[in-house]
Amino acid sequence: MSKNKWGYLRETKEKAIRDGLDPDTGLHRTGLEEYLAVIFPDTSDWIHDKSIKEINGLKCNYRPDYRSESLKLIVEFDGIFHYKNPKYFYEDPMKTRLFESGGYKVVRIPFFVQLTNQAVSELFGINVKEPLFDPTIPSMGIKGENTPAFMCPYGLKKMAEDMLRVPSQMIVNLEALNQYAQNSLEDSILSGYQILKEEIDKLTYKDISK
């Protein structure tokens, strides 16, 4: 168990407290607003779960998870259902394009990405001096049913794409999934390691062959 004060990411501090300690690692959870406070220490105008009301003169009822007008930044926490329910695979990109058309930068944080110092640098381009989430702790586990095996086909492809955006988190999670896969045939299937690795390899090969 890590002694780091930073825990598994949740959308809000309230949800982090509600979820309590992780039964496998004993690690607590931390609300996204607490991470944003240390990533952007001079920003105090975060708005949570409120509609923008209007973009480019048109009514907009979408409610970003976190929005800062001073930074023109929207931060979305994509929970596990964004990888299990196909409706999100067209809704999320549509919302991102709409927000960007209004001049916002949009950062989407997948549920399997923890905000380590390296991940924060990869996602936000900011180097935080304070040690954040322990980079040696993976996000996925068979007991939590949050491995690639439990995602829908489109979600698996999206997971591979999103992992490549945050290479440091991809490495630690792939290593953990591979460890599960060595235990037994059941664990190998439930880890989803092989199917995720194949999707990542496809994308990597595509980039190389361009």
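The values are calculated or read from the model by the stated rules, or taken from the named source; none is laboratory data. From a predicted model like this one, the values you see are computed outputs, not experimental measurements. Cβ placement follows ideal geometry from the backbone for every residue including glycine, while neighbour counts extend to all protein chains displayed. When the accessible area is computed, the model is the full protein with side chains, heavy atoms only, and any ligands, DNA or RNA have been set aside. Shrake-Rupley method; radii C 1.70, N 1.55, O 1.52, S 1.80 Å.
In the context of the full set of protein chains, residues of the chain present 54 Å² of accessible surface per residue (probe radius 1.4 Å, heavy atoms only). Taking the chain as the reference, fit the longest principal axis to its C-alpha atoms, fit the long axis of helix 153-165 to the helix C-alpha atoms, and give the angle between the two in degrees, 0 to 90, nearest 10. Relative to the chain, helix 153-165 is tipped by roughly 80 degrees. Highest mean first, the peptides 180-186, 130-136 sorted by other C-beta atoms within 10 Å per residue fall in the order 130-136, 180-186.
Between K13 and Y62, the simple spin-label model (points 7 angstrom out along Cα→Cβ) gives 2.8 nm. The amide H of T116, built 1.01 Å from its N in the peptide plane, has F133 as neighbours under 5 Å, considering only residues 5 or more places off or on other chains. Both numbers refer to the Cα atoms of segment 26-77; Rg and Dmax are 13.0, 48 Å.
Around the amide H of I55, modelled in the peptide plane, lie the amide H atoms of C60, all under 5 Å away and 5 or more residues distant in sequence or on another chain. Each label point was placed 7 Å from the Cα along the Cα-to-Cβ direction; for Y154 and L71 their separation is 2.9 nm.
Around the amide H of F77, modelled in the peptide plane, lie the amide H atoms of D65, I109, all under 5 Å away and 5 or more residues distant in sequence or on another chain. Residue by residue, segment 197-204 carries 3J(HN,Hα) couplings of 4, 5, 5, 5, 4, 4, 5, 5 Hz when phi is fed to the Karplus relation 6.51 cos²θ - 1.76 cosθ + 1.60 (θ = phi - 60°); x denotes Gly or Pro.
Could you list the trypsin sites (Lys or Arg not before Pro) in segment 33-85 that lie in coil according to DSSP, counting only those with at most 13 other Cβ atoms within 10 Å of their Cβ? For trypsin sites (Lys or Arg not before Pro) across segment 33-85 that sit outside H, G, I, E and B with at most 13 neighbouring Cβ atoms in 10 Å, the list reads K50, K72.
To the nearest ten degrees, helix 167-181 and the longest principal axis of the Cα atoms of the chain are 30 degrees apart. The ellipsoid equivalent to the alpha-carbon distribution of segment 95-157 has semi-axes of 24, 22, 7 angstrom, derived from the gyration tensor eigenvalues as √(5λ) and listed largest first.
Rounded to whole numbers, the Karplus 3J(HN,Hα) couplings from phi for segment 136-142 are 8, 9, x, 9, 10, x, 4 Hz, using 6.51 cos²θ - 1.76 cosθ + 1.60 with θ = phi - 60°, and x at Gly and Pro. Extending 7 Å from Cα along the Cβ direction at E54 and again at F81 yields two label points whose distance is 3.1 nm.
Backbone phi angles across segment 113-118, fed through the Karplus curve with coefficients 6.51, -1.76 and 1.60 (θ = phi - 60°), yield HN-Hα couplings of 9, 9, 7, 6, 4, 5 Hz in residue order; Gly and Pro are listed as x.
Out of the GluC sites (Glu not before Pro) in segment 28-89, which ones are loop residues according to DSSP with at most 14 other C-beta atoms within 10 Å? Before the final figure, lay out the partial values.
Details: sites: E33, E34, E54, E69, E76; in loops: E69.
Hits after loop and neighbour filter: E69.
Each DSSP beta bridge with both residues in the chain is either parallel or antiparallel, and the antiparallel ones are about 50%. Straightening the chain between F89 and E186 buys 32.0 nm, computed as 0.36 nm per residue apart minus the Cα-Cα spacing. Residues Y66, Y90, ordered by accessible area of protein heavy atoms at a 1.4 angstrom probe radius and largest first, appear as Y90, Y66.
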